[in-house]
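Chemist: One structure, as structure tokens, below. Some questions next.
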Amino acid sequence: MWTVENRVRYNRDQLRYPSDLTDAEWSLVEPQIRPAKPGGNRRRVNVREVMNGILYVLSTGCQWRAVPKDLPPYPTLFGYLDLWMYDGTLDDLHTALYDQCRTQAGRNPEPTAAIIDSQSVQSAEKGGPRIDPAGYDAGKRIKGKKRHVLVDTQGLVLQALVHPADIQDRDGGLYLLATLQKTFPKLKTLFADGAYQGPCFGQGVAALRGDLTVVIVKRPAGTKGFTVLPQRWIVERSLAWLNRCRRLAKDWENLNLKALAFLRLASIRCMLRKLCNPK
């Protein structure tokens, strides 16, 4: 909830654009940016401005061609986003910031419990003959993609996945857990809603992570309307945090991998502001 103290602490009017990195935020990002490869011409672009431009697109949701002229050209921004997406820079940055957020909160960097949930988002009109297909979520009546996220008890994103909306939650959840592989070895408890109940999901989790216990959090019988449910509200809050970035308002991306990159950037943006604006 916004308070007078919060508004002062998070005020970014002194920046050129509210999405620009402050000096404190850039000091956390810069160590994770890989240097230019040896050989050839030296890197002439200002990498901080590149990150500012990508965050501008993420925050405002504008088209690439609508990026302001005082930021690097949009092909440069698009190219660096592709580079950082494929060479692991975004993953390394996300991991480093996650560990710092856990430490700042007085928690062990290795979580022991997590919450899983999905969000269906409508696809926008797209061009091009080859794009990752969308799907229709009959339950929510949305044609588009589904974002599957796994968060810890602090609401920080551990892992995420983007897939067609017609894939059911229990199947998409298994796809998401499969991407964890051997990361987060201390993870022992997984909280989920009723969409993940049943033997199929339970058996799949046992095959992927035999030491992981699934706890289904159900709505109390007889309740109507909105109800805050234990643990489940944490992941819903995390999705609300991510949705402050307007690029995530719809599924604008042709590739699921690019949509996942923007989702990861939104999580990075959230963690930067947590680290640089401690309570």
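The values are calculated or read from the model by the stated rules, or taken from the named source; none is laboratory data. In this text the structure is predicted, and so the values were computed from the model without any measurement. Reconstructed Cβ throughout: ideal geometry from the backbone, glycine too, with neighbour counts over all protein chains shown. Surface accessibility is based on the protein's heavy atoms, side chains included, excluding ligands, DNA and RNA. Shrake-Rupley method; radii C 1.70, N 1.55, O 1.52, S 1.80 Å.
Chemist: How far is it, in nm, from the label point at Lys69 to the one at Ser27 when both lie 7 Å from their Cα along the line to the Cβ?
Modeler: Taking the simple label geometry, Lys69 and Ser27 are separated by 3.5 nm.
Chemist: When the helix-only estimate is applied to the chain (DSSP H runs of n ≥ 4, each -39,500 (n - 2.57), divided by the residue count), what is the mean residue ellipticity at 222 nm, nearest 500 deg cm²/dmol?
Modeler: -12000 deg cm²/dmol
Chemist: So, in nm, how far is label Thr95 from label Arg246 when the simple model puts each one 7 Å beyond its Cα toward the Cβ?
Modeler: 3.5 nm
Chemist: Rounded to whole Hz and in sequence order, give me ³J(HN,Hα) for region 209-214 from the Karplus expression 6.51 cos²θ - 1.76 cosθ + 1.60, θ = phi - 60°, writing x for Gly and Pro.
Modeler: 9, x, 8, 9, 9, 8
Chemist: Using 1/(1 + (r/R0)^6) with R0 = 30 angstrom and r between the beta carbons of Asp87 and Tyr10, what's the FRET efficiency to the nearest 0.05?
Modeler: On the way: r = 32 Å, r/R0 = 1.05.
Efficiency for this residue pair is about 0.40.
Chemist: I would also like to ask the following. For the chain, take the longest principal axis of its alpha carbons; what is the angle in degrees between that and the long axis of helix 74-86, to the nearest 10 within 0 to 90?
Modeler: The helix 74-86 is inclined about 50 degrees to the chain.
Chemist: Please get the size of the charge dipole for region 26-174, origin at its Cα centre, with Cβ charges of +1 on Lys and Arg and -1 on Asp and Glu, quoted in debye to the nearest 20. The partial results should precede the final answer.
Modeler: Values: 19 positive and 17 negative charges, 108 e Å.
My answer is approximately 520 debye.
Chemist: Here is a follow-up. Can you classify region 78-203 as rounded, prolate or oblate using the Cα gyration tensor, where a ≥ b ≥ c are the square roots of its eigenvalues, rounded means a/c under 1.5, and otherwise it's prolate if a/b beats b/c and oblate if not?
Modeler: Numbers: a/c = 2.24, a/b = 1.20, b/c = 1.86.
Cα axes put region 78-203 in the oblate bin.
Chemist: While we're on this one: Just going by the charge dipole of region 81-133, with Lys and Arg at +1 and Asp and Glu at -1 on Cβ, which of Ile115, Ile131, Trp84 is farthest out on the positive end?
Modeler: Farthest towards the positive end: Ile115.
Chemist: For a quick check: with amide H placed at 1.01 Å from N, whose amide H comes under 5 Å from Gln159's, ignoring anything fewer than 5 positions away on the same chain?
Modeler: Close amide H contacts, sequence-distant or interchain: Leu150.
Chemist: Can you find, among Pro185, Ala195, Gln159, the residue farthest towards the positive end of the dipole of region 150-199? Put +1 on the C-beta of Lys and Arg, -1 on that of Asp and Glu.
Modeler: Selected residue: Pro185.
Chemist: May I ask you to list the residues of region 191-219 whose amide nitrogen lies under 15 Å from a point 7 Å from Cα along the Cα→beta-carbon direction of Trp233?
Modeler: 218-219
Chemist: Still on this model: Mind pulling the angle between the C-alpha long axis of helix 47-60 and the longest principal axis of the chain? Nearest 10 degrees, somewhere in 0 to 90.
Modeler: 50 degrees
Chemist: Do the alpha carbons of any pairs in Lys140/Lys218; Lys140/Lys188; Lys37/Lys258; Lys145/Lys224 sit beyond 25 Å of each other, and which pairs?
Modeler: Working: Lys140/Lys218 19 Å; Lys140/Lys188 31 Å; Lys37/Lys258 23 Å; Lys145/Lys224 28 Å.
Check vs 25 Å cut-off fails for Lys140/Lys188; Lys145/Lys224.
Chemist: Still on this model: Once amide H atoms are placed 1.01 Å from N in the peptide plane, what residues at a sequence separation of 5 or more from Ile142, or on another chain, have their amide H within under 5 Å of its amide H?
Modeler: Asp137
Chemist: Residues of the chain: accessible area per residue at 1.4 Å, in Å²? Kindly include the intermediate steps, with their values, before the conclusion.
Modeler: On the way: 14950 Å² over 279 residues.
I get 54 Å² per residue for this part.
Chemist: Once amide H atoms are built 1.01 Å from N in the peptide plane, which residues 5 or more positions from Val214, or in another chain, come under 5 Å H to H?
Modeler: The answer is Leu190.
Chemist: List the relative contact order of region 144-279 as a percent without decimals, with contacts defined as Cα pairs under 8 Å and 6+ residues apart. Display every interim value, and only then the final one.
Modeler: Numbers: 137 pairs, mean separation 33.5, N = 136.
Across region 144-279, relative contact order equals 25 percent.
Chemist: Compute the orientation-averaged projected area for the chain from the convex hull of its Cα atoms and round it to one decimal in nm².
Modeler: 17.3 nm²
Chemist: In whole percent, how big is the carbon plus sulfur part of the accessible area of the chain, probe 1.4 Å, protein atoms only?
Modeler: Working: 7950 of 14950 Å².
Within the chain, the accessible surface is 53 percent carbon and sulfur.
Chemist: Another question, then. Given Cβ point charges of +1 (Lys, Arg) and -1 (Asp, Glu) and nothing else, what value in debye, to the nearest 20, does the dipole of the chain about its Cα centre take? All intermediate terms of the calculation are to be shown ahead of the outcome.
Modeler: Working: 42 positive and 27 negative charges, 83 e Å.
Here the size comes out at about 400 debye.
Chemist: Give the separation of the Cα centroids, region 184-203 to region 29-100, in Å.
Modeler: Centre-to-centre (Cα) distance: 35 Å.
Chemist: Around Lys143, under 13 Å between beta carbons, what's the net of Lys plus Arg minus Asp minus Glu among the other residues? Numbers along the way, then the final one.
Modeler: On the way: positive: Lys126, Lys140, Arg141, Lys145, Lys146, Lys250; negative: Glu125, Asp137, Asp166, Asp251.
After counting each charged neighbour, the total is +2.
Chemist: What order, most packed first, do the peptides 14-21, 62-69, 246-253 have when packing is the mean number of other Cβ atoms within 10 Å of each residue? Walk me through the intermediate numbers first.
Modeler: Details: 14-21: 15.0, 62-69: 11.8, 246-253: 18.5.
Descending packing order for the listed peptides: 246-253, 14-21, 62-69.
Chemist: How far is helix 89-104 tilted, in degrees, relative to the longest principal axis of the Cα atoms in the chain, given as a value from 0 to 90 rounded to the nearest 10?
Modeler: Around 70 degrees separate the two axes.
Chemist: Then there is this: Would you kindly state how much longer the chain becomes between Thr3 and Gln122 on full extension, computed as 0.36 nm times their sequence separation minus their alpha carbon distance, in nm to one decimal? Could you put the intermediate results ahead of the total?
Modeler: Details: separation 119, 0.36 × 119 = 42.84 nm, distance 3.25 nm.
So the chain would gain 39.6 nm between Thr3 and Gln122.
Chemist: Tell me, what is the FRET efficiency for Thr153 and Asn41 to the nearest 0.05, using R0 = 41 angstrom and their Cβ-Cβ distance as r?
Modeler: Details: r = 47 Å, r/R0 = 1.15.
So, using R0 = 41 Å, E works out to roughly 0.30.
Chemist: To continue, here is another question. For region 1-112, take N as its residue count and report Rg(C-alpha) divided by 2.2 N^0.38 Å.
Modeler: Values: Rg = 16.3 Å, N = 112, 2.2 N^0.38 = 13.2 Å.
Output field value: 1.23.
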